[in-house]
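Heads up: the structure comes next, in structure tokens.
The values are calculated or read from the model by the stated rules, or taken from the named source; none is laboratory data. Computed from a predicted structure; not experimentally measured. Virtual Cβ from ideal backbone geometry, glycine too; neighbours counted across all protein chains shown. Accessible surface areas use protein heavy atoms only, side chains included; no ligands, DNA or RNA. Shrake-Rupley method; radii C 1.70, N 1.55, O 1.52, S 1.80 Å.
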Amino acid sequence: MSWLDKLTGGFAKTAARLGDNLGGLASKAALDTSTLDDIEEALIASDLGPEASKRIRNAIAARRFEQLDERGLRTILAEEIEAILAPVAKPLEVTGFPRPHVILVIGVNGSGKTTTIGKLGHLLMEQDYGVLLAAGDTFRAAAIEQLKIWGDRIGAGVISGKEGGDAAGVVFDGVKQATATGIDALIVDTAGRLQNKTHLMDELTKVRRVL
């Protein structure tokens, strides 16, 4: 599959949402300023974000279409999203030695960290790497159970503690077990946090120090 095929496949749900939000906009008689504004609003409503939406709007306007059909609009969307992601698209290589190679997954609340860990673990296991997951999110209700479900689905072990426990302690146990068993990659889940939440940022500092 080409990079563009992988990209469009990976954004299937977003593409479906885009289709709903953009329905009818591309078939208007003229691609005027009003229609471009409507397209930009539809892109923002589809969770592409204001910066990316503005960039796509400008790309459409720059091509000076008199009229733009849905297929043409989707092509521009795919091209612009690919261009946005290309500078940060780097291959993930398991290089840590001695093992394990540790991947610490961080981000704000609700950004899909735990789900991404499941997909990432599956990807690495398909490449014949041994994978262990560490349930470092001890704050969110059912976060540990969710990670265990992903572990069961992909056939990876999961290190966990009790809800509300010390995340750094879980990470320490994960590194200890991964080292003892020769695991290639340890993927660590963490609680969602914002940079203005001092106690959570301090916890992350502690987790990194333990690692």
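Among the numbered conditions (1) surrounded by fewer than 19 Cβ atoms within 10 Å (Cβ to Cβ); (2) more than 20 Å from the chain's Cα centre (by Cα), tell me where ARG153 comes up short. Answer for ARG153: the failing condition is (2).
So is LEU132 over 24 Å from GLU203 (Cα atoms), under 20 Å from the mean Cα position of the chain (by Cα) and open to solvent by less than 10 Å² (accessible area, probe 1.4 Å) or not? No: the conditions fail for LEU132.
Report whether or not ILE103 is touching a helix residue (DSSP H, G or I) at 6+ places or on another chain (Cβ under 9 Å) and within 30 Å of PHE139 (Cα to Cα). Let's see the steps before the verdict.
Numbers: touching a helix residue (DSSP H, G or I) at 6+ places or on another chain (Cβ under 9 Å): yes; within 30 Å of PHE139 (Cα to Cα): yes.
Yes: the conditions hold for ILE103.
Within segment 194-207, does at least one residue satisfy the condition of being farther than 22 Å from LEU123 by Cβ, open to solvent by 50 Å² or more (accessible area, probe 1.4 Å), modelled with pLDDT of 95 or more and among the acidic types (Asp, Glu)? Scanning segment 194-207 turns up no residue that is farther than 22 Å from LEU123 by Cβ, open to solvent by 50 Å² or more (accessible area, probe 1.4 Å), modelled with pLDDT of 95 or more and among the acidic types (Asp, Glu).
Among the residues of segment 138-168, those identified as free of Cβ contacts under 8 Å to residues at least 40 places away in the same chain, in a helix (DSSP H, G or I) and either in contact with an Asp or Glu (Cβ under 7 Å, 6 or more places away or on another chain) or over 15 Å from LYS113 (Cα atoms) (or both) are ILE144, ASP152, ARG153, ILE154. Of all residues in segment 172-193, those satisfying the criterion of being open to solvent by less than 40 Å² (accessible area, probe 1.4 Å) and either out of contact with any Asp or Glu (no Cβ under 7 Å at 6 or more places or on another chain) or farther than 17 Å from ALA143 by Cα (or both) are GLY174, VAL175, ALA178, ILE183, ASP184, ALA185, LEU186, ILE187, VAL188, GLY192, ARG193. Among residues of segment 116-136 that are within 24 Å of GLY165 (Cβ to Cβ), those with a Cβ under 8 angstrom from a residue that is assigned to a loop (DSSP other than H, G, I, E, B) and of a type outside the set (A, V, I, L, M, F, W, C), sequence gap 6+ or separate chain, pair up as VAL131/ASP184; LEU132/PRO100; ALA134/SER160; ALA135/SER160; ALA135/GLY161. Kindly establish whether LEU211 is over 26 Å from PHE97 (Cβ atoms), touching a residue at least 60 places away in the same chain (Cβ under 8 Å) and surrounded by fewer than 22 Cβ atoms within 10 Å (Cβ to Cβ). No; evaluated as a whole, the condition is false for this residue.
For segment 75-92, the criterion of a residue being within 28 Å of GLY174 (Cβ to Cβ) and surrounded by 12 or more Cβ atoms within 10 Å (Cβ to Cβ) is satisfied by at least one position.
Give ARG99, ARG57, ARG71 a once-over and let me know the one that is more than 30 Å from ARG209 (Cα to Cα), charged (D, E, K, R) and either at pLDDT 90 or above or open to solvent by 90 Å² or more (accessible area, probe 1.4 Å) (or both). Show your work before the answer.
Values: ARG99 fails: more than 30 Å from ARG209 (Cα to Cα); ARG57 fails: either at pLDDT 90 or above or open to solvent by 90 Å² or more (accessible area, probe 1.4 Å) (or both).
Just a single option satisfies the conditions, and that option is ARG71.
Filter segment 74-96 down to the residues that are touching a helix residue (DSSP H, G or I) at 6+ places or on another chain (Cβ under 9 Å) and assigned to a loop (DSSP other than H, G, I, E, B), then identify the one that is modelled with the highest pLDDT. Among residues in segment 74-96 that are touching a helix residue (DSSP H, G or I) at 6+ places or on another chain (Cβ under 9 Å) and assigned to a loop (DSSP other than H, G, I, E, B), the one modelled with the highest pLDDT is VAL94.
Among the residues making up segment 86-107, those that are touching a residue at least 40 places away in the same chain (Cβ under 8 Å) and either touching a Leu at 6+ places or on another chain (Cβ under 6 Å) or among the acidic types (Asp, Glu) (or both) are PRO100, VAL102.
State all residues of segment 170-193 that are more than 24 Å from HIS122 (Cβ to Cβ) and either part of a loop (DSSP other than H, G, I, E, B) or in contact (Cβ under 8 Å) with a residue 40 or more places away in the chain (or both); if no residue qualifies, say none. Across segment 170-193, the qualifying residue is only ARG193.
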